[in-house]
Every structure is written in C-alpha cells, then in structure tokens.
Amino acid sequence: MNETAKIISQAQNEGRKALLETEAKTICTEYSIPVTRFKLAKNAGEAADFAEQLGYPVVLKIVSPDIIHKSDAGGVIVNLKNKTEVQSACVKILENAKKYKATAEIAGVLVQEMAPQSTEVIIGAIKDPQFGQTLMFGLGGVFVEILKDVTFRIAPITREDALEMVTGIRAYPLLKGYRNTPPVDVEAIVDTLVNTSRLVMDNPQIKELDLNPVLVYEKGAKTVDARIILE
Ligand code: ADP
Ligand code: MG
C-alpha cells in the first residue's frame, strides 16, 4: 500500500476526519506537490535541534487533531532566527493551544523552513455531491475571501484546463507581473493543479483539500499549509 492510502486508513481507524498538516504534506509530496521541509518536535529542545538542521529562519506550528485553524489558536509563529527564539516560541505555542482548548490532544510542534514572501495563491478541492471532485483556484487573502475571485473545474483536469483556471481569474494580470513585481511561474501553478486533481481522483475518501497558501515565485511554487478533510 502506498503512503497516502496508509495515512488515510490510519486516520479512519482512529476516527479522525481532519488529517494533520504533517500527514497532508506527506501526501502532497507523494503527488509531487512541493511543500516546505518540516520535522515534528515533541518538546522545545527537539524543536531547536530540528531548526538547526533545517536552517533559519523557521516557522513553528501547533499540530493537533483538535485545532484545524492554527493561527486562530495562536498556533503559528513565523520568522524565528535562532535557537533561543525557537525554544521560547515553542513554549508559547503550547501555552496558546492550552488556552484555546484545554482538552486539545497535541501531536507536537511542527518546525518548518520559512518560505520567502511572494504572491500567495490558493488551490482547493471539494467533493460536490453532484459533480464529484471539483478543483478551485484563486489568489490568497481578500481575493478569495471578499472578492470571491475564483475559478472551478470538475476533476480530472488536463493541463489546458488548469491553465484556463489560472488565466480565468479577474486578478490574473497580477500574476503576469506589475510595476516592480516580476511575473510568477504559471507552469508551477498548473503542475500543482494537475497533481492535486490526480490526488483527489485517486483518493475518493477526500471530502475537502486546501493548499492555503501556496507561495509562487518567478521560478517554482511552494505549499506552506495543507489541509485534508475525509468523508
Ligand atoms: P492556518 O491553519 O491558520 O491556516 P498556516 O499554516 O496557513 O495556518 O499559517 C498561517 C500563515 O502563516 C500562512 O497563511 C502564511 O502566510 C504564514 N506561513 C505559514 N507557514 C509558513 C512558511 N513555512 N513559510 C512562510 N510563511 C508561512
Ligand atoms: Mg492556512
């Protein structure tokens, strides 16, 4: 059995619907979707050791089956530049998680490479009761939340479909570059869309998938947060 099937059946056996970020990112990797390198620490000492191995700056995040939206729980701290900062951020994140939900089960604290700032896009999939797995694309933040500037296609999609999804949003000119901002790697977004389509078509137990955000660069793209919800 492949890694993805193992992760999904383990979650189902434990009665969990939401996969942990570590699990979702491992699945992404199996489908050639680039994600930030990460290691799961059990305590502040281990977090500092992992940060040294990954290289600074790093981001720390809470990993808990009971905390879906990590920043709402004070569970994400970015731009940590040395061992001391990592250790205190780790203590802080565990404290915040306790305050947010005293009974939350904690799997650990995720130490990950910090991706340089860039244009943020969102790639999603949702299993529509009528149409089945459906993919979504949009720019991050206000573009999706307020302007609802998104495109949809029913999976499976071809590269041509994926390109239409990217060029179909109203904000597409922003991806082509403006003023001092260079154009982003549209091919890298197309790759991620097609790989996401494969991922959800191979795994019909997935009800929702969210790569939010994916940072896109002049060359390449990197998913910094991945969420997968099972049926
Ligand atoms: P949430 O569960 O709240 O969605 P995220 O993992 O998306 O948590 O983290 C919140 C925000 O922090 C992201 O939208 C992104 O802007 C930033 N962030 C998270 N991880 C990284 C990373 N590895 N590199 C750079 N920025 C990150
Ligand atoms: Mg997120």
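The values are calculated or read from the model by the stated rules, or taken from the named source; none is laboratory data. In this text the structure is predicted, and so the values were computed from the model without any measurement. Cβ placement follows ideal geometry from the backbone for every residue including glycine, while neighbour counts extend to all protein chains displayed.
Observations, loosely collected:
- For segment 35-75, filtering for residues that are in a loop (DSSP other than H, G, I, E, B), under 18 Å from residue 215 (Cα atoms) and among the polar types (S, T, N, Q) leaves 1.
- Any hit, segment 97-115, residues being charged (D, E, K, R), under 29 Å from residue 8 (Cβ atoms), within 12 Å of ligand 1 (Cβ to nearest atom) and in a strand (DSSP E or B): yes
- Some residue of segment 174-190 being more than 26 Å from residue 114 (Cβ to Cβ), more than 19 Å from the chain's Cα centre (by Cα) and either of a type outside the set (Gly, Ala, Ser) or more than 16 Å from ligand 2 (Cβ to nearest atom) (or both): yes
- Annotation note: Cβ proximity below 6 Å between a residue of segment 49-73 that is under 25 Å from residue 14 (Cα atoms) and assigned by TED's automatic domain parsing to the domain that holds residue 94 and a residue that is assigned to a strand (DSSP E or B) and near ligand 1 (Cβ under 10 Å from one of its atoms) (sequence gap 6+ or interchain) occurs for 61/76; 61/110; 63/110; 70/61; 70/62; 70/76.
- Screening residue 139 on (1) within 16 Å of ligand 2 (Cβ to nearest atom); (2) outside the structural domain of residue 53 (by TED's automatic domain parsing); (3) touching a residue at least 60 places away in the same chain (Cβ under 8 Å) shows it passes everything except condition (3).
- Failed item in (1) among the aliphatic types (A, V, I, L, M); (2) surrounded by fewer than 21 Cβ atoms within 10 Å (Cβ to Cβ); (3) away from ligand 1 (no atom under 16 Å from the Cβ), with residue 194 passing the rest: (2)
- Some residue of segment 143-157 being over 30 Å from residue 52 (Cα atoms), in contact (Cβ under 8 Å) with a residue 12 or more places away in the chain, charged (D, E, K, R) and outside any strand (DSSP E or B): yes
- The single condition from (1) more than 9 Å from ligand 1 (Cβ to nearest atom); (2) in contact with a Phe, Trp or Tyr (Cβ under 7 Å, 6 or more places away or on another chain); (3) of a type in the set (Gly, Ala, Ser) that residue 73 fails is (1).
- Residue in segment 191-214 that is free of Cβ contacts under 8 Å to residues at least 60 places away in the same chain, part of a helix (DSSP H, G or I) and over 26 Å from residue 4 (Cβ atoms) present: no
- Boolean, residue 157 is under 19 Å from residue 227 (Cα atoms) and among the hydrophobic types (A, V, I, L, M, F, W, C): no
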